[in-house]
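Where a number appears in this text, it was derived from the coordinates with a stated rule and is not lab data. None of the values given here were measured: they were computed from a predicted structure. Quick reminder, even Gly has a Cβ in these numbers, built from the backbone with ideal geometry, and neighbours come from all protein chains shown.
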Amino acid sequence: MPRDLIFPTIEPFATGLLPVDDLHSIYWEQCGKPDGVPVVFLHGGPGAGASPTHRRFFDPGFYRIIIFDQRGAGRSRPLGETRQNTTEHLVGDMEQLRRMLGIERWHVFGGSWGSTLALAYAQAHPQRCRSLTLRGIFLMRPEEIDWFFHGMGTYFPEAHRSFVDFLPPAERGDMVQAYHRRLTDPDPAVHLPAARAWSIYEGSCSTLLPNPEIVASAGEDAHALGLARIEAHYFLNNLFTPPDRLLRDIGLNRAVTLIEEKRAKRAHKGRRGADPGRALGDHPDKGGPIVVKNGRYGPYASHDGVNATLPSHLTPETITLEEAVGLLEARTARGGKKPAAAKPRSAARKATAKPKAAAKPKPPAGPPKEPPRKGRDQ
């Protein structure tokens, strides 16, 4: 993502290691607004770990940004550990982290493998998710893994050739197994070269145009070992059964029902007139009710003459009071109060009417007449 399209560089205001079982401790950090709307970022791989760039995906003046490295990845310990490392373990780690941070519900943002983990978490704990934002979708299906090992070579032939040529010809028929054997070998002289070959291949194919910075970081030992060993482990041992389980368990019938209910509500609203809105409560600082409504141009929050449009990930049914306050404050900072209503047309016409022509001067009058004197009979 171009660096000028995301938010400025920021540093965490809190970091730590959370022991999640007798073997693993996961690194976590918080950035942005300490009392902001919570959003959790799920990195890719599996095993890639998070980077400072990921902090910049979110508005630090609005969000409380939670980032963590999954088991065996990045700054979590032990690095590259595959024991007690499954999708279910990662989902459980997210719940431990959420409870430790005292968060009731959060937005879940995931890319690539992070989109897989986000779906798995949302299906296990839907009541904890305010929304899902998924990008670069990867669902750990056999056809996607086959694309990683073979299909990408169509677009990145040089990188793919180096990846394949690392293995002896006799072992290239099952590349997952061949790499996995090397990556899990305890000898660094065996597992590190295999990790570098795997990670550099992935880094070379992760952007359409060559990016030397990404390729160089992909070749660093710690990053390469965490990424390659954890990915190979998941590719072999953590496939979903059936392969479309994540999509199947979303519940298509339930989704259709919700859509129809929403349409019915809109039709009913149209028959009864203007939307009275949903009261969220009084503004914590300024007092007065905050109401969320469905307007002509979409849903919005309203307080004391200030209206703030709801972003796409929020709805009138799910937005909270603190989220509405944050949106209204941001709107006010941009000059959010509506201008005074225009004057009635009749008044406007009077204000803009042409001034009357000046009256012509009268000719000078003659000498003033002497007022009549009062007589006896007056």
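Here His125, His43 are placed in order of increasing Cβ neighbour count within 10 Å, fewest first, which gives His125, His43. Over the stretch 91-153, the fraction of Cα-Cα pairs per 5 Å bin, rounded to whole percents and listed from the shortest bin up, is 4, 17, 23, 21, 13, 9, 7, 4, 1, 0.
Here Ile10, Ile200, Ile230 are placed in order of increasing Cβ neighbour count within 10 Å, fewest first, which gives Ile10, Ile200, Ile230. Placing a label point 7 Å from the Cα of Arg77 along the Cα-to-Cβ direction, the residues of the stretch 19-50 whose backbone N falls under 14 Å of that point are 19-28. For the pair Asp174 and Glu95, the difference between a 0.36 nm per residue extended length and the Cα-Cα distance amounts to 24.8 nm. Converting the Cα gyration tensor eigenvalues of the stretch 141-250 into ellipsoid dimensions via √(5λ) gives semi-axes, longest first, of 22, 18, 15 Å.
Using Cβ contacts closer than 10 Å as the measure, can you line up Val164, Val325 from fewest to most? Intermediate values should be presented prior to the final figure.
Numbers: Val164 16, Val325 21.
Taking fewest neighbouring Cβ atoms as first place, the list is Val164, Val325.
Applying a DSSP loop filter and a limit of 16 other Cβ atoms within 10 Å to the chymotrypsin sites (Phe, Trp or Tyr not before Pro) in the stretch 11-81 leaves Phe13. Residues whose amide H lies under 5 Å from that of Gly16, counting only those 5 or more places away or on a different chain, are Trp28; hydrogens are built 1.01 Å from N in the peptide plane. In the stretch 1-114, the alpha-carbon atoms span a convex hull of 94 Å³ per residue.
Stretch Asp146-Thr207 to full length: gain in nm at 0.36 nm per residue minus the Cα-Cα span? Working shown, then result.
On the way: separation 61, 0.36 × 61 = 21.96 nm, distance 1.88 nm.
Between Asp146 and Thr207, full extension yields 20.1 nm more.
In the stretch 1-107, what percentage of the DSSP-assigned beta bridges are antiparallel, given to the nearest 5? Each step should come with its number before you reach the end.
Numbers: 12 of 18 bridges.
Roughly 65 percent of the DSSP beta bridges within the stretch 1-107 come out antiparallel.
Whole-Hz Karplus values for the stretch 316-331 come out as x, 7, 10, 5, 9, 4, 5, 5, 5, 4, x, 5, 5, 5, 5, 5 Hz, taken residue by residue from phi with 6.51 cos²θ - 1.76 cosθ + 1.60 and θ = phi - 60°; glycine and proline positions read x. Could you pull out every residue, at least 5 positions away or on a different chain, whose amide H is within less than 5 Å of the one on Asp282? Hs are placed 1.01 Å off N in the peptide plane, and Pro or chain starts have none. Placed amide hydrogens put Ile290 under 5 Å from Asp282. Across the stretch 286-298, computed HN-Hα scalar couplings (Karplus, 6.51 cos²θ - 1.76 cosθ + 1.60, θ = phi - 60°) run 9, x, x, x, 9, 10, 10, 10, 9, x, 4, 10, x Hz from first to last residue, x flagging Gly and Pro. Roughly what percent of Cα-Cα pairs across the stretch 275-333 reach past 13 Å? Beyond 13 Å sits 53 percent of the P(r) for the stretch 275-333. With a Förster radius of 45 Å applied to the beta-carbon distance between Ser312 and Thr86, the computed FRET efficiency rounds to 0.85. Per-residue Karplus couplings for the stretch 147-161, computed as 6.51 cos²θ - 1.76 cosθ + 1.60 with θ equal to phi - 60°, are listed in order as 4, 4, 7, 10, x, 5, x, 5, 9, 10, x, 5, 5, 5, 5 Hz, Gly and Pro entered as x.
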